[in-house]
1. Using 0.36 nm times the number of residues separating Arg202 and Gln328, minus their current alpha carbon distance, what extension gain do you get?
2. Once both labels are modelled 7 Å past Cα along the beta-carbon direction, what's the Met317-Ala242 spacing in nm?
3. Contour minus end-to-end for Leu340 and Gln256, with contour as 0.36 nm per residue of separation and end-to-end as the Cα-Cα distance?
4. How much length, in nm to one decimal, is gained on full extension between Asp294 and Ala185, taken as 0.36 nm per residue of separation minus their Cα-Cα distance?
5. Can you tell me the relative contact order of segment 198-286? Whole percent, Cα pairs under 8 Å, sequence separation 6 or more.
6. Provide the net charge surrounding Val247, with neighbours chosen by a C-beta distance below 10 Å and charges set as Lys +1, Arg +1, Asp -1, Glu -1.
7. What are the extents of the Cα atoms of segment 163-220 along their three principal axes, listed from largest to smallest and rounded to whole Å?
8. To the nearest 10 square angstrom, what accessible area does Lys364 show with a 1.4 Å probe?
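The values are calculated or read from the model by the stated rules, or taken from the named source; none is laboratory data. For clarity, every value in this text was computed on a predicted model and none was experimentally measured. When we count neighbours, we look across all protein chains shown, and the Cβ atoms used for this are built from the backbone with ideal geometry, even at glycine. Keep in mind that these areas ignore ligands, DNA and RNA; they rest on the heavy atoms of the full protein, side chains included. Shrake-Rupley method; radii C 1.70, N 1.55, O 1.52, S 1.80 Å.
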Amino acid sequence: MSAICVRARTGVRSGLRFLSESAPASTIPAQKKKFDGPGLEHFIKNSANEETPVGASGCGPVAPSGKLPRKPRERMPEWLKTKIPTGSNFARIKENLRDLKLHTVCEEARCPNIGECWGGKKGTATATIMLMGDTCTRGCRFCGVKTSRTPPPLDAAEPVNTADAIAKWGLDYVVLTSVDRDDLADGGSAHFAQTVMEIKKRNPKILVECLTPDFAGDMAAVAHVARSGLDVYAHNIETVEALQRTVRDHRANFAQSLSVLKEAKRAKPGLITKTSIMLGVGELDDQVEKALVDLRAADVDVVTFGQYMQPTKRHMMVKEYVKPEKFQHWQTRAEALGFLYVASGPLVRSSYKAGEYFLANVLKTRAGDGATGGATEGAAVPASSA
């Protein structure tokens, strides 16, 4: 126990003698000061309007509340405020999720677009299902999903339950994502692949995007998912290369994420690949530019830009609320580099309805032209919108 804790406890046991008797700090016996850190005197005000000055230890002043002063947070600008989600379709999907014990990243990550996506009319309704539970084995500093080194075991019925729910909802485009499961030998890739195949078995016309983890760099796991029958393979680099260790878990990195996207395309030529970048975490313009160039060199087709939003006070703070004009700048720049599709805006997320609507049309056109689409391993499946 530190000396400061011992000293504070002594004061409590003696009926807060230091406070009740108004004993000045200088009366504390010198022999008890066995360390050069802040003493009890640093935590007691001399008067109602005066704080104890900084001591030789370098300890800063204590705020009136007794807590160390915090860096003030920026107020959220108007362009980031959204309506409360409502609507019959929204309520129906939410109820079905609870009944089937399924999780969505829309809820877990507190996505601002949940009402727009879940409440969409036929032809535009989308949802992002989070597979393999709601507990991640990693601790990225931006993510609000709970973490544990030993999450619960996989639910063997989840692929079937997920496919049944999606078929019931009448969705046109579904995104499957997951927590990281470093506790599993294959990172959960077989679970992903089985879910895709179950969905396609019930309705081959449903378009499936898989937003996967990096599977700890296991390229066989990446290839397994890429060949499962999905229509879009997504994996997020999250931020620029220079900020990877600041923003993401130490087991993730920029080069590994690029390798995942490359392998998906190699394993299934013609497969659309996609990634996302958060802005507002301290990135510089030249770093974003380099990330875009690297992504195009890896033949990534789709990139989205969105504003980082701090999930809780325990997470990484927002460095900047990026203005809509800057998002427009990056959209223009990415389009000039040749990306198939770019979605860029403060409220855009990796799984965003407008982008999914566009990709659905691209996939429908490719299917009509006989191009490679969402074919499963050993079986051709037409990829067209419902």
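1. Gain on stretching Arg202 to Gln328: 41.4 nm.
2. Calculated label separation equals 2.0 nm.
3. Fully extending the segment from Leu340 to Gln256 adds 28.0 nm.
4. Length gained between Asp294 and Ala185: 36.3 nm.
5. 33 percent.
6. Within the 10 Å Cβ shell, the charges total 0.
7. 34, 17, 15
8. 110 Å²
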